[in-house]
Amino acid sequence: MSNMIRTETESSISIRELRKSYGRTRGANQQFAIDGVSFEVPQGQFVTLLGPSGCGKTTTLRCIAGLETPDSGQIVMAGSTVFDGGKSQNIRTEDRPIAMVPQSYGIWPHMTVLDNAAFPLRHGRHRKGQQNIKQRTMEILDQVGLAPFADRWSTQLSGGQQQRLALARALLSEPEVLLLDEPLSNLDAKLRSKLRVELREFQERFGVTSVYVTHDQAEALALSDIVVVMSNGRIEQIDPPERLYQQPKSAFVADFIGSANLVPARNTTRLSDGLLVRTDIGSFLCGSQGQETPSSASTGNVCIRPENVEVHTATSSRIGLADQNEMFGRVIGAEFLGDRLELVVDLDGTKLTASTSAVLAARPGDSVVVRVHPVHARYLAA
Ligand SMILES: Nc1ncnc2c1ncn2[C@@H]1O[C@H](COP(=O)(O)OP(=O)(O)OP(=O)(O)O)[C@@H](O)[C@H]1O
Ligand SMILES: [Mg+2]
């Protein structure tokens, strides 16, 4: 790796203005699989690329791995530039400080657990003497709880054990960065949630910087320090899970992360305690944190999470309504989900979904009052 250029960023990945197109079209009609993607992966952190199918997650990961050559942009890894479109610099995959865990785990059935895990030490950048290999491999198999199975055929492992073997093998090459492309997507829901906890534990224990790809928002929220939300080859938002959920920057993010009621809105006015906007069902004071001030002519949506739609039945609600954030409605759908009741409330033709207490006595046809606390109303400019 002596031909790499050292830069100021130590031990993290820095992706700058990465573009990648497939096929031969050039010029104005050029279609980019990723189009100006920039983000940072701080050392030791777990960063997830999240977005719908075809948005460019795998392409980004493969560019980081050196398996695809970007059209332009820069990739800096552990302080060294591994790709620079401007300088035609492109470090080969095998010379990048990475290990990739593919979706299928890439475990060889004709090898034992030990031989599978030891593969990078026998053949990779970190080739070692025979004696060291066995000892080092056994150490790591022990750490992932697979030492007792070292001499088994890898086909005799369960799904979860195979994942741990794939991880052990990736970690043995002592990568600066671990790249994981939807490693849990082949598994059933129960095993998936168990393994994602385990995966995060390993990542923390080994402190390895990780870039994880998924289209599953629950997985992204549960696992990540930072989530990079992508859509159509571009980045929509980069934030920690909580902020992403509470302060989405666009209707796309609000809708993709969790579920959201999006009520078309216009005529924004800045007040001391928030942004007053008009909608077809009345005025909303949007007092959500980090709310930017748009122009008064701005159009967009008021975003309200279902769990923040308070529903009051006619008997419990007071007479008359406040000027804002309260309106009359009629329940048109009620779904009992065990721990909660999911209601659809019609307000003059606009439907709001509310996730309420399972014991609320609300049935289709009931008149209700809907309230949304200003801190839970967020205006998103279109
Ligand atoms: N080898 C290829 N040749 C041509 N087009 C490709 C190739 N690989 C990907 N693409 C296109 O690039 C875009 C991004 O694809 P990519 O595989 O990065 O998406 P993704 O976010 O990983 O999707 P998924 O969640 O389905 O895996 C898509 O439009 C896809 O059709
Ligand atoms: Mg993919």
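Brief remarks on what is shown
- If only residues of the stretch 53-66 that are in contact with a strand residue (DSSP E or B) (Cβ under 8 Å, 6 or more places away or on another chain) and of a type outside the set (S, T, N, Q) are counted, the one that is farthest from ligand 1 (Cβ to nearest atom) is Gly66.
- Flag for Gly233 being in the same structural domain as Ser158 (by TED's automatic domain parsing) and in contact with a Cys (Cβ under 8 Å, 6 or more places away or on another chain): yes
- All positions within the stretch 334-382 that are buried (at least 18 other Cβ atoms within 10 Å of the Cβ) and without any contact (Cβ under 8 Å) to a residue 24 or more places away in the chain: Leu341
- In the stretch 345-372, the residue that is nearest to Cys303 (Cα to Cα) out of those that are polar (S, T, N, Q) and out of contact with any helix residue (DSSP H, G or I) (no Cβ under 7 Å at 6 or more places or on another chain) is Thr350.
- Enumeration of residues in the stretch 60-77 that are within 13 Å of ligand 2 (Cβ to nearest atom), surrounded by fewer than 23 Cβ atoms within 10 Å (Cβ to Cβ) and under 16 Å from Phe32 (Cα atoms): Leu61, Arg62, Glu68
- Count of residues meeting criterion [in contact (Cβ under 8 Å) with a residue 60 or more places away in the chain and either in a loop (DSSP other than H, G, I, E, B) or not assigned by TED's automatic domain parsing to the domain that holds Gln45 (or both)] in the stretch 78-95: 3
- Checking Ile75 against (1) touching a residue at least 40 places away in the same chain (Cβ under 8 Å); (2) assigned to a loop (DSSP other than H, G, I, E, B); (3) over 13 Å from the mean Cα position of the chain (by Cα), the condition it does not meet: (2)
- Boolean, Glu236 is under 25 Å from the mean Cα position of the chain (by Cα), over 20 Å from Leu352 (Cα atoms) and in contact (Cβ under 8 Å) with a residue 12 or more places away in the chain: yes
- Test: residue in the stretch 208-217 that is small (Gly, Ala, Ser), within 21 Å of the chain's Cα centre (by Cα) and farther than 28 Å from Pro70 by Cβ: no
- Residue within the stretch 166-183 that is farther than 22 Å from Leu121 by Cβ and in the same structural domain as Pro52 (by TED's automatic domain parsing) present: yes
- Scan of the stretch 204-227 for residues that are more than 13 Å from Ser193 (Cα to Cα) and within 14 Å of ligand 2 (Cβ to nearest atom), ordered by number: Val211, Tyr212, Val213, Thr214, His215
The values are calculated or read from the model by the stated rules, or taken from the named source; none is laboratory data. Predicted, not measured: the structure shown is a model, and the values here were computed from it. Don't worry about glycine lacking a Cβ; one is built from the backbone with ideal geometry, like all the others, and counts go over all protein chains shown.
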